[in-house]
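Data first, discussion second: the structure below is written as structure tokens.
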Amino acid sequence: MKIEPARRADAKALARVHAASFDASWSAADLATLLDGPGAFALMARHEGVQAFVLARAIADEAEILTIAVSPDFRRRGLARTLVDAAARLAESHGAQSLFLEVAEDNPAAIALYGGAGFAQVGHRRSYYARPGVAPVDALVMRRDLNRRPA
């Protein structure tokens, strides 16, 4: 598996992975717009095509993971953790002190992944995620400290 930067030209491939991962997926146009935004960066994992990616942005001293997606056939192989850690290093290299994300409170696998990657819950957003045919789901706001300095 090769981890490399994702660019606007990769938006269609990223959208395919996102659609396989989320009911309310983002289009290639949505992803291209986000990739063009200030401070945006993305990393993707390739193996016979794009199999996973993380999209984030770093502005001033904070960074945020906007989305992460892994193709169903490539889950449970450590790709998401690899991408989260790589995004954290890249955010840190851009001067970010903290990396944030939101995760659905009904997604224990993702919550465990982020907890294992050094994130801690710092907030709660009610009815953040719309779900077709069911009530919206709350989000947990999580943060990972970057650029730690010894005391």
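Laboratory data are not the source of any read-out in this text; all were calculated from the coordinates shown. Owing to the predicted nature of the structure, the values given are computational and were not obtained by experimental measurement. So basically every Cβ, Gly included, is an ideal-geometry build from the backbone, and we count neighbours across all protein chains shown.
Residues with beta-carbon under 15 Å from that of T67, excluding T67: net charge, scoring Lys, Arg +1 and Asp, Glu -1? So the environment of T67 carries a net charge of -3.
Exposure proxy for V103, V54: other Cβ atoms within 10 Å of each Cβ, ordered fewest to most, give V103, V54. For T33, T67, T82, the sequence from fewest to most other C-beta atoms within 10 Å is T33, T82, T67.
Rounded to two decimals, the Cα-based Rg/Rh of segment 67-147, with Kirkwood Rh, is 0.99. The calculated FRET efficiency for the pair N107 and A9, based on their C-beta separation and a Förster distance of 22 Å, comes to about 0.15. Spread over its residues, the convex hull of the C-alpha atoms of segment 2-145 is 106 Å³ per residue.
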